[in-house]
Amino acid sequence: MPDMQEHEREIAAAFGARLKEFRESAGLTMAALGARVEPPMVAPVIARYESGERVPSWTAVVRLSRALGKQPNDFLPALKRKKGAKQ
């Protein structure tokens, strides 16, 4: 995977942390969550999302949110811009 820029890493990490939180609070393994996703998603892909190694597509976010009974915007809390950050 090409190097991610800093903002992409922040988004991937925030999404991954929320995904893991929601999955664990639902009592699901990665494999069990993957089986709930329509169409199914394999556990290694979920692992890469949770670790922040991979940025999910919008379609993947929607699929995962549906499988967990969440809204897509539940996954990303407002990311505050650092002072002096370029817009």
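Brief remarks follow.
- Of the residues making up segment 33-55, those that are under 22 Å from Gly69 (Cβ atoms) and small (Gly, Ala, Ser) are Gly34, Ala35, Ala43, Ala47.
- Looking only at residues in segment 62-73 that are modelled with pLDDT under 95 and among the polar types (S, T, N, Q), the one that is nearest to Ala14 (Cα to Cα) is Asn73.
Let's see how each residue does on (1) within 20 Å of Asp74 (Cβ to Cβ); (2) at pLDDT below 95; (3) not in a helix (DSSP H, G or I):
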site	(1), (2), (3)
Ile11	yes, yes, no
Leu33	yes, no, no
Pro39	no, no, yes
Glu50	yes, no, no
Arg54	yes, yes, yes
Ala60	yes, no, no
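- Inter-residue pairs, beta-carbon under 9 Å, first closer than 11 Å to Val37 by Cα and in segment 50-62, second β-branched (Val, Ile, Thr), 6+ apart: Ala60/Val37; Ala60/Val45
- Check on Glu24, of a type in the set (Asp, Glu) and surrounded by fewer than 14 Cβ atoms within 10 Å (Cβ to Cβ): yes
The values are calculated or read from the model by the stated rules, or taken from the named source; none is laboratory data. Quick caveat: nothing in here was measured; it's all calculated off a predicted structure. Neighbour counts run over all protein chains shown; Cβ positions are idealised from the backbone, glycine included.
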